[in-house]
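J.: I have a structure I would like to understand better, so I am pasting it below and will then ask my questions one at a time.
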Amino acid sequence: MPATVLLFGLACATPEPVLQKPPFRGTAFIDPDLIVASDPSTLRSLDYKGLDTRRMFDRRVDAFVSTDAYLFDATFEGAMVVEVQVNAEFGDAATAERHAAFYARAIGQLPAGLRTRVETVWIHRGDQPFGGGNDNILIHTGKAAEYLRDGVLEEILMHEAAHTSLDPVHAAADGWLAAQEADGGFISDYARDHPGREDVAESFGPFFALRHRRERISRDMAGTIQATMPNRIEFFDRLELDLHPVR
């Protein structure tokens, strides 16, 4: 009798969905031309404010630290102002300004909808990965050199800005979780391995590529993105994010 009950239970159980293998390892690296240096930027001015102490996260020590920083106000179209905090380790205000101007211009190339919660930018030396969240974008210039070499600096910044501006509102939202479940898989290994933390940021880049840089990606890549995450694409479509200065 117990065996009969067990067999009945197995026969009537709803099978677990089989997740598709993600097509990419990490989506910030799928195409270096989604945003390129020659694309327009909404950065309008950069003003030096002086040297002062700021509390900044530094991946080299994996902690928040209070340190002197050269401070700049980066003003973007729409009168949006972001404080760029450059670690005083760079030595002088002129060197700090070159770094602040370079990264502020690149951040101004991102869709405006990804900058809505960006209040500060932290810039340190070091070969550690960039970061998002904390109303901030974290930059380590040693790692930036690697991203520049591979042509993906802007794509990495887009990923981190998605963390900062989209995750707090959408990562745990019912609509996003429903889209995630309906798609039955993930766009990347990174999203699959960290679904609550990385899925929004990992999915936004492919959405952006498909909807707004279709002419810069291959037909095969477009088909893969559409087939893997149709419900996430629809979710992003419904947000109607401000994509300026993307044309």
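J.: Out of these labelled values of log10 I(q)/I(0) by the Debye sum over Cα atoms at q = 0.09, 0.10 Å⁻¹, (1) -0.43, -0.51; (2) -0.48, -0.59; (3) -0.63, -0.71, which was calculated from the coordinates shown here?
T.: Given (1) -0.43, -0.51; (2) -0.48, -0.59; (3) -0.63, -0.71, the structure-derived one carries the label (1).
J.: For the chain, what is the mean residue ellipticity at 222 nm derived from helices alone (per DSSP H run of n ≥ 4: -39500 (n - 2.57); sum divided by total residues; nearest 500 deg cm²/dmol)?
T.: Result for the chain, helices only: -13000 deg cm²/dmol.
J.: Output the 0 to 90 degree angle, nearest 10, between the alpha-carbon long axis of helix 219-228 and the longest principal axis computed from the alpha carbons of the chain.
T.: 60
J.: Treating the beta-carbon of each Lys and Arg as +1 and of each Asp and Glu as -1, no other charges, what is the dipole magnitude of the chain about its Cα centre, to the nearest 20 debye?
T.: 280
J.: Please compute the length gained on full extension between Gln226 and Lys21, using 0.36 nm multiplied by the number of residues separating them and subtracting their Cα-Cα distance.
T.: Going from the current span to full extension adds 72.3 nm.
J.: If you don't mind, there's one more thing I want to ask. Neighbour counts of other C-beta atoms within 10 Å: give me Ser203, Ser218, Ser188 arranged from fewest to most.
T.: By the 10 Å Cβ count, ascending, the order reads Ser218, Ser188, Ser203.
J.: What is the gain in length, in nm to one decimal, between Ala173 and Arg247 on full extension, counting 0.36 nm per residue of separation less the C-alpha to C-alpha distance?
T.: Working it through step by step, the gained length comes to 23.7 nm.
J.: Averaging sequence separations of C-alpha pairs under 8 Å and six or more residues apart, then dividing by the length of the chain, give the relative contact order as a whole percent.
T.: That works out to 21 percent.
J.: Next question. Using R₀ = 35 Å, calculate the FRET efficiency as 1/(1 + (r/R₀)^6) where r is the Cβ-Cβ separation of Arg98 and Glu215; round to 0.05.
T.: For Arg98 and Glu215, the calculated efficiency is 0.60.
J.: Round to the nearest 10 and give me the degree value, 0 to 90, for the angle of helix 153-165's Cα axis relative to the longest principal axis of the chain.
T.: 70
J.: Cβ under 9 Å from Leu71's Cβ, Leu71 left aside: what net charge do those residues give with Lys, Arg +1 and Asp, Glu -1?
T.: -1
J.: Calculate, for Val61 and Val36, the FRET efficiency according to 1/(1 + (r/R0)^6) with r their C-beta to C-beta distance and R0 22 Å; round to the nearest 0.05.
T.: It comes out at approximately 0.05.
J.: Summing +1 for each Lys or Arg and -1 for each Asp or Glu, what net charge is found among the other residues whose Cβ lies under 15 Å from the Cβ of Phe186?
T.: Here the count lands on -2.
J.: Given a cut-off of under 8 Å on Cα pairs at least six residues apart, what relative contact order in percent is computed for segment 92-210?
T.: Here the relative contact order equals 21 percent.
J.: Mind running the shape call on segment 27-113? Use the C-alpha gyration tensor, a ≥ b ≥ c as the square roots of the eigenvalues: rounded below 1.5 for a/c, prolate if a/b tops b/c, oblate otherwise.
T.: Here segment 27-113 falls in the oblate category.
J.: Under a crude label model (7 Å from the Cα following the beta-carbon direction), how far is Glu181 from Glu119 in nanometres?
T.: With each label placed 7 Å out from Cα toward Cβ, I get 3.4 nm.
J.: Any idea how far apart Arg197 and Glu77 come out in nm if each label point goes 7 Å out from Cα toward Cβ?
T.: 3.5
Rule-based calculations on the coordinates, nothing more; no lab input. Since we're looking at a predicted model, the values are computed, not measured. Note that we place each Cβ from the backbone using ideal geometry, even for glycine, and neighbour counts take in every protein chain shown.
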